[in-house]
Amino acid sequence: MRVAVIGGGIAGAELIRVASPCPLDFVLIEPKKQVEMQALYPEYLGGIARLQDLAAPLKPFCEKVGATHIQEKALSIEGSSVICEKSRVDFDYCVVATGAAQNYFGIQGVENTFSINTLEETKRARRFVEDNYPERIMIMGSGLTGVESASILAESLDASIYIIEAKDRVLPQFSPQTSALVEKALSKKGVNILTSTQVAEVKKDCIMFTDNTCLDCDMAIWTAGIKPSEFIQKLDLPKKNGWILVDPHLNAKGNIFCIGDCAWVEIDGRLATKTGLEAERQAKYLARHFRNMIKGRPFEKYSVRASTDSQVALISLGADCAVGVVGKTCIGVPTRLIYSLKSWIDKSFIKRFK
Ligand SMILES: Cc1cc2nc3c(=O)[nH]c(=O)nc-3n(C[C@H](O)[C@H](O)[C@H](O)COP(=O)(O)OP(=O)(O)OC[C@H]3O[C@@H](n4cnc5c(N)ncnc54)[C@H](O)[C@@H]3O)c2cc1C
């Protein structure tokens with residue numbers, strides 16, 4: 001039986017790694033040559049992480065586990081076939097794991113921003129930092145990516161760093177207690193925090209806000225939000241808010257499953273966060289399911305660990321401070337310990353594929 005896995009990011013690659021060896025024939029459709037760890041992009045931007053820490057080549061990995069890598073973009077799913085740029089992959093089962101796209105919420109001047117949503121974009125941003133020594137850097141969006149990037153840049157560069165957030169506190173998806181702790185740590189590092197501030201347009205050398213004020217800047221980094229990719233939007237599968245809606249067994253429809261950021265996973269009233277932690281857990285669950293299926297065993301429903309109303313996260317705020325969040329408990333630790341732990345977890349994920 002052939003399983004076509006579309007997307008070789010955290011979810012897709014981990015699914016194949018955990019499911020192997022097994023009698024299923026896995027075909028990975030992924031245009032990139034490598035699997036990447038996005039959680040390390042802020043460290044790469046700050047000049048701390050190296051390329052080899054955050055990426056592992058897919059070709060040797062697929063050879064090792066007996067999977068086939070088709071280095072192409074999937075364009076559509078027609079019946080039981082994935083239509084790619086040059087080839088067509090027939091499948092018995094399909095897993096969609098194509099992640100999410102950056103959401104610019106229609107702001108003008110997107111071409112004047114940097115993004116750190118992909119490795120290519122992060123490399124472009126790093127090159128700009130190295131070549132131009134920007135003195136005023138504006139980071140738009142204060143989710144995990146925004147706050148981690150702001151603190152790493154504040155530590156590694158001699159520049160004024162601003163973080164701009166439309167809501168009234170940083171990390172608005174977390175509890176007010178977490179936001180307060182993170183704001184305190186960012187301020188200590190000299191990061192300027194502008195909350196309740198909405199960007200209208202990004203120009204080459206300044207940012208215009210909706211109240212008609214503006215701030216000069218040498219570099220604008222957009223980290224505010226994700227949305228379903230065009231590929232996901234086009235798929236004829238059940239959707240919720242544009243994401244692929246799955247049942248408690250991560251099944252979207254018939255022989256098609258969906259995991260990771262592109263899936264809407266809501267089980268027993270708990271909505272899974274779009275995080276590496278959840279992507280990895282969903283991949284492991286589905287790998288177990290495929291093993292059970294071969295043996296004709298029933299399998300239990302998926303259980304969400306990190307949900308939007310009970311977050312689980314390690315938020316690193318530079319080399320000397322990090323915040324650990326589990327549900328309503330939030331611990332701010334002014335020590336290297338949690339930072340080192342997070343860095344170790346992120347780097348060891350990539351090592352599994354080497
Ligand atoms: C800068 C940054 C920092 C982050 N930090 C953290 C963190 O500290 N902790 C945490 O838990 N989470 C973090 N996240 C979130 C985490 O990285 C994502 O939730 C996770 O990567 C989702 O895994 P995924 O496999 O669903 O998607 P991805 O890892 O994005 O992989 C999707 C893959 O699909 C491929 N693809 C896309 N379209 C197609 C197509 N049409 N055909 C074939 N392949 C396709 C892409 O090339 C990509 O390789 C961070 C994200 C970013 C951007």
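The values are calculated or read from the model by the stated rules, or taken from the named source; none is laboratory data. In this text, all values refer to a predicted model and were calculated from it rather than measured experimentally. Here the Cβ positions follow ideal geometry from the backbone for every residue, glycine too, while neighbour counts run over all protein chains shown.
Would you be able to say whether some residue in segment 286-309 is in a helix (DSSP H, G or I), more than 10 Å from the ligand (Cβ to nearest atom) and among the aromatic types (F, W, Y)?
Yes.
Could you check segment 63-93 and list, in sequence order, the residues that are of a type in the set (A, V, I, L, M, F, W, C) and within 22 Å of the chain's Cα centre (by Cα)?
Correct list: A74, L75.
Need at least 3 residues that are within 13 Å of the ligand (Cβ to nearest atom) per element, so show me which strands (runs of 3 or more DSSP E) inside segment 311-351 make the cut, counting only ones lying wholly within it.
312-316, 322-326
Filter segment 186-219 down to residues that are assigned to a helix (DSSP H, G or I) and either crowded, with 21+ Cβ neighbours inside 10 Å or over 26 Å from the mean Cα position of the chain (by Cα) (or both), then give me how many there are.
Number satisfying all stated conditions: 2.
Only residues in segment 5-33 that are over 20 Å from E121 (Cβ atoms) and outside any loop (DSSP other than H, G, I, E, B) count as the first member; pair them with residues that are within 13 Å of the ligand (Cβ to nearest atom) and of a type in the set (D, E, K, R), Cβ under 6 angstrom, at least 6 apart or cross-chain, and list the lot.
Taking only residues 6 or more apart or on different chains, the pairs are E14/E280; V18/K284.
Which residue is nearest to L54 (Cα to Cα), if the candidates are limited to segment 13-34 and must be within 7 Å of the ligand (Cβ to nearest atom) and buried (at least 19 other Cβ atoms within 10 Å of the Cβ)?
Among those that are within 7 Å of the ligand (Cβ to nearest atom) and buried (at least 19 other Cβ atoms within 10 Å of the Cβ), it is E30.
So N251 clears everything in (1) modelled with pLDDT of 95 or more; (2) under 18 Å from the mean Cα position of the chain (by Cα) except one condition, right? Which one?
Only one criterion is unmet by N251, namely (2).
Of all residues in segment 110-144, which are out of contact with any helix residue (DSSP H, G or I) (no Cβ under 9 Å at 6 or more places or on another chain), at negative phi and either surrounded by fewer than 17 Cβ atoms within 10 Å (Cβ to Cβ) or aromatic (F, W, Y) (or both)?
Hits for segment 110-144 are V110, E111, E120, R124, R127, F128, E130, D131, N132, E135.
E148: more than 20 Å from the chain's Cα centre (by Cα) and within 22 Å of A319 (Cα to Cα), yes or no?
Spelling it out, it is not the case that E148 is more than 20 Å from the chain's Cα centre (by Cα) and within 22 Å of A319 (Cα to Cα).
Quick one: which of A272, A319, A283, A279 is farther than 25 Å from V82 by Cα, touching an Asp or Glu at 6+ places or on another chain (Cβ under 9 Å) and modelled with pLDDT of 95 or more?
A272
I'd like to check something: does segment 254-265 contain any residue that is more than 25 Å from K328 (Cβ to Cβ), part of a loop (DSSP other than H, G, I, E, B) and either within 16 Å of the ligand (Cβ to nearest atom) or among the hydroxyl-bearing types (S, T, Y) (or both)?
Yes, that holds for at least one residue.
Find all pairs meeting these conditions: Cβ atoms under 6 angstrom apart; at least six residues apart or on different chains; first residue within segment 272-301 and closer than 15 Å to R17 by Cβ; second residue of a type in the set (K, R) and not in a helix (DSSP H, G or I).
If the second residue must be of a type in the set (K, R) and not in a helix (DSSP H, G or I), the pairs left are R281/R305.
Looking at the structure I just gave you, is K86 surrounded by fewer than 22 Cβ atoms within 10 Å (Cβ to Cβ), near the ligand (Cβ under 10 Å from one of its atoms) and in a loop (DSSP other than H, G, I, E, B)?
The answer is no for K86.
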